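Below is one structure, written out as structure tokens, with a few remarks after it.
The values are calculated or read from the model by the stated rules, or taken from the named source; none is laboratory data. Note that the structure is predicted; figures quoted are calculated from it, not measured. Because the Cβ atoms are built from the backbone with ideal geometry, glycine has one as well, and the counts that use them run over all protein chains shown. Side chains are part of the model used for accessible areas, which takes the heavy atoms of the whole protein and leaves out ligands, DNA and RNA. Shrake-Rupley method; radii C 1.70, N 1.55, O 1.52, S 1.80 Å.
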Amino acid sequence: MEIRALAPEEADTVRDIRSRAFGPLPDEQWRRRIQIAGSSFDAGRQFAGFEDGEIVATGALHEMTQWWHGRAVSLAGVSAITVAPEERGRGLGRRLMTDLLERCAAFGHPLAMLYPATTRLYRSLGWEHAGAQHHVEISAEALRTVAAERVPVRRAGPQDAAEVAAVIGRAHASGLDCGPVGWTEPRWRAVLADRDYYVHLAEDGFLSYRWADGNNALEVTRLVASSEATLRALWAIVGSGSSVAETVRACVSPMDPVLWMLREREHENVERRQWMLRVVDAPAAIAARGYPEGVSAGVALTIDDPQRPSNSGHWRLEIENGEGRLEPSAGTPDAVRLGPHGLAALYAGVPVPTLRRSGLLQGGDAGALPAAFAATPFSLDYF
């Protein structure tokens, strides 16, 4: 199988295989999907595997960032992994993902993230479950009662792409968030052109929502803000639809402040969609991540990563003053031992006792690692 990047004019060549893998899309939805993915075609980030001139597999590597304790880390968003139904069982998916992992490194991404259709393939190449996208169902009437003062808010469109990206980035940074991703300006420009969504922009906040369930409900796809006043004002906009919509389905962090603003919170319907993380470049990923102030750690690590040999070896991890570094060191028998799964899970804040009991972390004294990597990862995007 020959794997290569697709040119922008080849975008429609993947429609058939993706329709067979994920189900057909009406022409307008396909056009919209290609429009949103246009920047990744332009950047040579949409790939296909060919045999005898026919496409037998596809995949994409979106250019993104991901916040970890308030700092943005370069990330490859892996998506649209498909293998033609008649070609499955031949190892083409593994060959494609092995190739894409190397391309993640070539693009300079220390991290890679994906939503798995199957866990086994991705785990075999070093990805591990790390966080989830959370949807919670909230009473529209409960949101209507959220007390809010007036904050300047305006409708936003494609021309506001750069400002939208900056506002969202500042909100995640100030919130010390872990897990949410950021898109490039061209991608935001395409997303903001979608007329099915209503988007509002404040100086320090952003809201995107649409009508759902035959206009009997609202769906909030993103609501973030850096201040309490703006957060309340944006949720009040959503709650103002309570005269028509009974419920609001919102994509939020499991620790979103709105859940503590409601007068009534007796029960919640929560839907989780798991995502997986891969550490592509361990030293770069450690250096780019944020860490809690006041936490210091010095731990000897031994990493065994067969798919990314540059991650393997003996290391000294040092964390201090919110900064981290991973430096080569001499081996020591009391080192903490990790494979790529344990490394990804630790990076994402999975508790060290959990990692030990699941066999993903072994040996040594983990010291302050639990406090240094503590996180509740979430995502507001599915891709």
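Structural remarks
- Relative contact order of the chain, defined on C-alpha pairs under 8 angstrom at six or more residues apart (%): 19 percent
- Gap separating the Cα centres of segment 357-383 and segment 120-151, nearest whole Å: 19 Å
- Ranking GLY126, VAL199, MET113 by Cα position along the charge dipole of segment 90-203, where only Lys, Arg, Asp and Glu carry charges on their C-beta atoms, puts GLY126 farthest toward the positive end.
- Area accessible to solvent at CYS251, 1.4 Å probe radius, in Å²: 10 Å²
- Solvent-accessible area, 1.4 Å probe, carbon plus sulfur percent, for the chain: 48 percent
- Cα gyration tensor category, rounded, prolate or oblate, for the chain with a/c compared to 1.5: oblate
- Average accessible area per residue (Å²) across segment 259-336 - probe 1.4 Å, nucleic acids and ligands excluded: 53 Å²
- Computed from backbone phi with θ = phi - 60° and the Karplus coefficients 6.51, -1.76 and 1.60, the 3J(HN,Hα) list for segment 367-376 is x, 8, 4, x, 6, 5, 9, 3, 6, 10 Hz; x is used for glycine and proline.
- Euclidean distance of C-alpha centroids, segment 270-348 and segment 61-111, integer Å: 19 Å
- DSSP-defined antiparallel bridges as percent of all bridges, the chain, nearest 5: 85 percent
- Whole-Hz Karplus values for segment 295-302 come out as 9, 10, 8, x, 9, 7, 10, 10 Hz, taken residue by residue from phi with 6.51 cos²θ - 1.76 cosθ + 1.60 and θ = phi - 60°; glycine and proline positions read x.
- Among LEU25, LEU96, LEU326, residue whose mean-square fluctuation peaks in a GNM of the chain (springs only between Cα atoms under 10 Å): LEU25
- For SER227, nonlocal amide neighbours, meaning residues 5 or more places apart or on other chains whose placed amide H falls under 5 Å from its own, do not occur.
- Based on protein heavy atoms only, segment 60-157 ends up with 41 Å² per residue of surface accessible to a 1.4 Å probe.
- Over the chain: helical MRE at 222 nm, DSSP H runs n ≥ 4 each giving -39500 (n - 2.57), nearest 500: -7500 deg cm²/dmol
- Per DSSP, loop GluC sites (Glu not before Pro) in segment 256-289 with at most 12 further Cβ within 10 Å: GLU264, GLU266, GLU268
- Using only side-chain charges placed at the Cβ, +1 for Lys and Arg and -1 for Asp and Glu, the dipole size of the chain relative to its Cα centre rounds to 320 debye.
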